[in-house]
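The values are calculated or read from the model by the stated rules, or taken from the named source; none is laboratory data. Values in this document were obtained by computation on a predicted structure and should not be read as measured data. Ideal geometry is used to build each Cβ from the backbone, glycine not excepted, and the neighbour counts take in all protein chains shown.
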Amino acid sequence: MPIISFGLRHPPRLLHGNFVAALLSDLFGIQARSGCFCAGPYLHRAYRIDKDFSQAMGAQCARGQLGIKLAFARVGFNYFISEHVFQYILEAVHLLADHGARLLPLYRFDPASGLWRHRDAPQAPTLRDAAVPRRTRSPDRALAGQLAEARRIINELAAGPRQPAATKPILSPDLERIRWFPL
């Protein structure tokens, strides 16, 4: 299964990989993840990360601030997905590349875990409370409606009065100095 790692720029920074993964899930129902473990050396080359910056990130992670890690978002393309689903995933990524930063005010960032959650999202259930829902599979033609709804949400944010932004975390000066993503 090909797994594609990518970063989305919001000059002069990058959108956080976990933020992009959260948007892919929340807006499009696309399962994605973020990380840099196996791609760490590639990340360092692709983004010209020097030794000092890398060590500063490592020091913050050792202090429990895992959200500072530079990371790609990742999506997988299974051999059995249809061309329609493939195009849907690509269109979702392109839409976020162009407009994903508009959604930053709606999300809360946790510097300890690196997770981004919609400000109105309920608390995640514990594993004990989790249930396996019975799902039916929607036809591929339903994907166009998902894209249209995502565009509507993004356009509404751009055109309408701004909703109060999610509370931004207070970061230590050391963490703020190496923050590579917008909040």
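Can you name the residue in the stretch 1-53 that is part of a helix (DSSP H, G or I), at pLDDT 85 or above and in contact with a helix residue (DSSP H, G or I) (Cβ under 8 Å, 6 or more places away or on another chain) and is also nearest to ARG141 (Cα to Cα) among such residues?
In this case the residue turns out to be PHE28.
Restrict the check to the stretch 71-86 and report whether at least one residue is among the aliphatic types (A, V, I, L, M), at pLDDT 90 or above and within 15 Å of the chain's Cα centre (by Cα).
Within the stretch 71-86, one or more residues are among the aliphatic types (A, V, I, L, M), at pLDDT 90 or above and within 15 Å of the chain's Cα centre (by Cα).
Could you check the stretch 57-84 and list, in sequence order, the residues that are surrounded by 15 or more Cβ atoms within 10 Å (Cβ to Cβ), among the hydrophobic types (A, V, I, L, M, F, W, C) and assigned to a helix (DSSP H, G or I)?
MET57, LEU66, ILE68, listed by residue number.
Please pick out the residue among ARG33, ARG45 that is touching a strand residue (DSSP E or B) at 6+ places or on another chain (Cβ under 9 Å), surrounded by fewer than 19 Cβ atoms within 10 Å (Cβ to Cβ) and of a type outside the set (Ser, Thr, Tyr). Before the answer, list the steps.
Working: ARG45 fails: touching a strand residue (DSSP E or B) at 6+ places or on another chain (Cβ under 9 Å).
After ruling out the rest, the residue left standing is ARG33.
Which residues, taken from the stretch 99-121, are in a loop (DSSP other than H, G, I, E, B) and more than 13 Å from ASN18 (Cβ to Cβ)?
Answer for the stretch 99-121, where residues must be in a loop (DSSP other than H, G, I, E, B) and more than 13 Å from ASN18 (Cβ to Cβ): ARG119, ASP120, ALA121.
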